[in-house]
Amino acid sequence: MVLDTTDVRGLAEFYRQLFGLVYRPGDEPPPAGEPDPLGSDWLVLRTPEGASCLAFQQVEKLPEAAEGWPAGPVPQQLHLDTTVPTVEALEAAHRRALELGARELLDRTDDPEEPLRVYADPSGHPLCIFVAP
């Protein structure tokens with residue numbers, strides 16, 4: 001899966017930290033202060049076991065999901081769903097997502113059948129985190 005973004009390194013770092021992923025060999029960030037040519041074009045994240053997971057591609061501009069998504073000016077597009085096992089884990093994931101730069105679009109934690117939260121990642125892509133034991 002490839003996500004378009006106006007900030008390749010920034011979005012890769014968001015998902016790397018949120019999901020505990022690792023860079024494909026050669027895609028790691030350069031030392032501080034060094035140029036980052038890959039970080040402005042294309043990067044790949046893998047699972048710690050080595051399976052390719054997410055890639056990020058530079059684009060000039062990108063419409064962002066807005067509050068109330070999937071309704072609104074930006075239609076439902078590709079979005080990521082991820083699960084956690086408990087409501088407590090959902091709250092921890094919520095805090096972590098916000099710390100990393102996500103913007104909350106919907107809070108449905110009071111839904112007894114499927115508590116969930118919807119965010120816009122730092123590039124504006126919708127991201128859903130819900131409880132699925």
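What follows is calculated from the coordinates using simple rules that are stated; it is not laboratory data. Note that the structure is predicted; figures quoted are calculated from it, not measured. As a convention, Cβ positions derive from the backbone with ideal geometry for all residues, glycine included, and neighbour counts pool all protein chains shown.
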Label-point separation, Glu67 to Gln17 (7 Å along Cα→Cβ), nm: 2.5
Acute angle (nearest 10 degrees) that the helix 8-19 long axis makes with the longest principal axis of the chain, alpha-carbon atoms: 50
Viscosity 0.692 mPa s, 37 °C: Kirkwood-radius Stokes-Einstein D of the range 5-133 over Cα pairs, µm²/s: 211
Relative contact order of the chain, pairs being alpha-carbon contacts under 8 Å that are 6 or more residues apart, as %: 25
Whole-Hz couplings from phi, Karplus 6.51/-1.76/1.60, listed for the range 53-60; x for Gly and Pro: 10, 9, 10, 9, 10, 5, 9, 6
Calculated FRET value between Gln57 and His79, using beta carbons and R₀ = 22 Å, to 0.05: 0.85
18 Å tail of the calculated P(r), the range 80-131, as % of Cα pairs: 19
Alpha-carbon radius of gyration plus Dmax, which is the widest Cα pair, for the range 2-58 in Å: 10.4, 30
Length added when fully stretched, Ala132-Asp36, from 0.36 nm per residue minus Cα-Cα: 30.7 nm
Built amide H within the under 5 Å cut-off of Val84, gap 5+: Phe130, Val131, Ala132
In degrees, nearest ten, helix 87-99 long axis to first principal axis of the chain (Cα): 40
Sites Asp111 and Met1, calculated FRET efficiency, Cβ-Cβ separation with R0 25 Å, nearest 0.05: 0.40
Pairwise FRET efficiency - Glu91 versus Glu28, Cβ, R0 = 35 Å, nearest 0.05: 0.65
HN-Hα J in Hz across the range 111-128 - Karplus 6.51, -1.76, 1.60, θ = phi - 60°, x for Gly and Pro: 6, x, 8, 8, x, 7, 9, 10, 10, 9, 5, x, 9, x, 6, x, 9, 10
